[in-house]
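The values are calculated or read from the model by the stated rules, or taken from the named source; none is laboratory data. None of the values given here were measured: they were computed from a predicted structure. Cβ placement follows ideal geometry from the backbone for every residue including glycine, while neighbour counts extend to all protein chains displayed. Each accessible area value is taken on the protein alone, full model and side chains, heavy atoms only, with ligands, DNA and RNA left out. Shrake-Rupley method; radii C 1.70, N 1.55, O 1.52, S 1.80 Å.
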Amino acid sequence: MADHDNAHDDVRPRTAVLSRGFDPSLSFGSARPAVFRSSTYVFATPEAAEHAFAVTMGKIKPANGERADLIYSRFSHPNSEILEDQIVPLEAGAREAAVFNSGMAAIMTACFTFARPDSTIVYTTPLYGGTTGLIHTFLEPFGVHGIPVPSGDTAAIDEGIRSARNCCIVLLETPANPTLIMTDIERVAESAAKHPDKPVVMVDNTFLGPTFQHPLLLGAHLVLYSATKYLSGFSDMVAGVAITKSSEMIQRIRSRRNMFGNILQPDECWMLDSRLPTVALRMNRQSKNAQRIAEALVGHKKLSRVIYPTLFDDPEQKRIFEKQCAYPGGIFSIDFHGGKAAAFDFLRRVRIAKNAVSLGGVETLTCHPRSTTHSGMSGQELAESGVTDGLVRISVGIEDWRDLLADFEQALA
Ligand SMILES: *Cc1c(COP(=O)(O)O)cnc(C)c1O
């Protein structure tokens, strides 16, 4: 994949993330952005106020490259604009971003922007628990019918899309959590493009993006993140992002965000923008660590499976991984012959890794999805998606992998 596939910028992403979006002269020459906590902004003239509202409310189209004057911080503020500009080069193929106060806020706002009454949303299973809840307990009662399709099952996904009536959204999460089953983004985007309703194809790219997987280059329209995970990387904040190549799409999403009031606050924007230049460094280290550990645990007598992309044996899964992922990423799962009791013993004995949900931080975290993050799924859903009693998910950090492996081995002994 070319390193410089972004829609603008004449430098590569690792350079652009440190050079665009922020003009030191607007922060008294400060090398890092100031934090602008103001809730409201002063207009030079009443005409300027009128124009800013007309642009923000979409009554007039902004001139090419024009940003509406700042009005009020629920709509946008300097730190959100800096962050949105800086994050764009990290997502190959992107032009525009909108930041939110959580990953769920980004997903919810995207769904509410494109969902219509009496329509359908096709989605892969398993999905993040919060997203599943959004579909079942909110969208469905409002008349947006959910059509679940199993992750990775290309034929079933094609059929799900083909048969969807008044289809407004196709939502993928790949790799799936915690089974790492991969869905062919390009194939799904092609099926969606053939549908007469032209549904918006959204990909929750939290697990492998923005460094290792580039949905916009594969035909997806919108990429969604829980920035709480790899983007922020230190398990100390909650944030979300929506990224797209379409200015029109981001305008529609931002106008919903204006209404809902779920923009990321200035301090959090400032924190997150300081993390962006190291996303690729951290993710590369995490992926290398995870690969070494996962491959070393293969064949351990207490484990029935080690789930990791380089260990896939299904030819279709291998094909998708090789086609759409640059590296396998920092998450692997292990499944114990001894079921829940063995999994809990392991979690109790591990010393370095912490037993916590969430993922993507510089510290290694372990969790037992069936009793925690996935406890809301029905028995049938759990069985169908392979979330077994003995499964433990591990999000590998940037510690020395040899210490982590030794720790896992003693906990398994
Ligand atoms: C954590 C997570 C979310 C939700 O993000 P929040 O920042 O917790 O709101 C959505 N999707 C995936 C894949 C996640 O891991």
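If a residue counts only when it is open to solvent by 20 Å² or more (accessible area, probe 1.4 Å) and under 16 Å from D407 (Cβ atoms), which helices (runs of 4 or more DSSP H) contained entirely in the range 293-390 have at least 3 such residues? Quick ask: steps written out before the conclusion?
Details: elements: 315-324, 339-349, 379-385.
The qualifying helices (runs of 4 or more DSSP H) are 339-349.
Please go through the range 356-413 and give me each residue that is in contact with a Lys or Arg (Cβ under 9 Å, 6 or more places away or on another chain) and of a type in the set (F, W, Y), ordered by number.
Once the filter is applied, which keeps residues that are in contact with a Lys or Arg (Cβ under 9 Å, 6 or more places away or on another chain) and of a type in the set (F, W, Y), the range 356-413 yields only W401.
A411 - would you say it is outside any loop (DSSP other than H, G, I, E, B) and more than 16 Å from I307 (Cβ to Cβ)? Full working, then the answer.
Values: outside any loop (DSSP other than H, G, I, E, B): yes; more than 16 Å from I307 (Cβ to Cβ): yes.
Spelling it out, A411 is indeed outside any loop (DSSP other than H, G, I, E, B) and more than 16 Å from I307 (Cβ to Cβ).
Filtering the range 229-255 down to residues that are in a strand (DSSP E or B) and within 13 Å of the ligand (Cβ to nearest atom), which residue is farthest from L281 (Cα to Cα)? Full working, then the answer.
Going residue by residue through the range 229-255, those that are in a strand (DSSP E or B) are 240-244.
The next check asks that each one be within 13 Å of the ligand (Cβ to nearest atom); those that pass are 240-242.
Numbers: G240: 20, V241: 20, A242: 22 Å.
Here the answer is A242.
For the range 59-79, which positions are in contact (Cβ under 8 Å) with a residue 60 or more places away in the chain and open to solvent by 60 Å² or more (accessible area, probe 1.4 Å)?
Just the residues of the range 59-79 that are in contact (Cβ under 8 Å) with a residue 60 or more places away in the chain, to begin with: 73-79.
Across the range 59-79, the qualifying residue is only R74.
Residues checked against (1) under 22 Å from G152 (Cβ atoms); (2) over 27 Å from the mean Cα position of the chain (by Cα); (3) modelled with pLDDT of 95 or more:
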{"site": "V350", "(1), (2), (3)": "no, yes, yes"}
{"site": "G379", "(1), (2), (3)": "yes, no, no"}
{"site": "A383", "(1), (2), (3)": "yes, no, no"}
{"site": "G390", "(1), (2), (3)": "yes, no, yes"}
{"site": "D400", "(1), (2), (3)": "no, no, yes"}
{"site": "Q410", "(1), (2), (3)": "no, yes, yes"}
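Quickly run through the range 206-228 and pick out the residues that are more than 10 Å from the ligand (Cβ to nearest atom) and either closer than 20 Å to E190 by Cβ or among the polar types (S, T, N, Q) (or both).
Those that are more than 10 Å from the ligand (Cβ to nearest atom) and either closer than 20 Å to E190 by Cβ or among the polar types (S, T, N, Q) (or both): T211, Q213, H214, P215, L216, L217, L218, G219, A220, H221, L222, V223.
Among the residues of the range 391-401, how many are farther than 13 Å from F332 by Cα and in a loop (DSSP other than H, G, I, E, B)? Steps first, please.
Within the range 391-401, the subset farther than 13 Å from F332 by Cα is 398-401.
Filter once more, so that each one left must be in a loop (DSSP other than H, G, I, E, B): 398-400.
Adding up the residues that qualify gives 3.
Mind checking which residues of the range 266-279 are surrounded by fewer than 17 Cβ atoms within 10 Å (Cβ to Cβ) and either in contact (Cβ under 8 Å) with a residue 60 or more places away in the chain or not hydroxyl-bearing (S, T, Y) (or both)? Outline the logic, then answer.
Residues of the range 266-279 that are surrounded by fewer than 17 Cβ atoms within 10 Å (Cβ to Cβ), as a first pass: 267, 274, 277-278.
The answer is D267, S274, P277.
Of all residues being buried (at least 21 other Cβ atoms within 10 Å of the Cβ) and among the small types (G, A, S) in the range 80-96, which is farthest from P46 (Cα to Cα)? Just the residue, please.
Restricting to residues being buried (at least 21 other Cβ atoms within 10 Å of the Cβ) and among the small types (G, A, S), the top hit is A92.
How about the range 98-177: which helices (runs of 4 or more DSSP H) wholly inside it have at least 1 residues that are among the acidic types (D, E), over 15 Å from the mean Cα position of the chain (by Cα) and within 16 Å of the ligand (Cβ to nearest atom)? Reasoning before the result, please.
On the way: elements: 103-114, 129-134, 154-163.
Hits in the range 98-177: none.
Residue-wise test of (1) surrounded by fewer than 23 Cβ atoms within 10 Å (Cβ to Cβ); (2) over 22 Å from T278 (Cα atoms); (3) of a type in the set (S, T, N, Q).
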position	(1), (2), (3)
A176	no, yes, no
S191	yes, yes, yes
K194	yes, yes, no
M202	no, yes, no
P210	no, no, no
Q213	no, no, yes
G219	yes, yes, no
A227	no, no, no
F234	yes, no, no
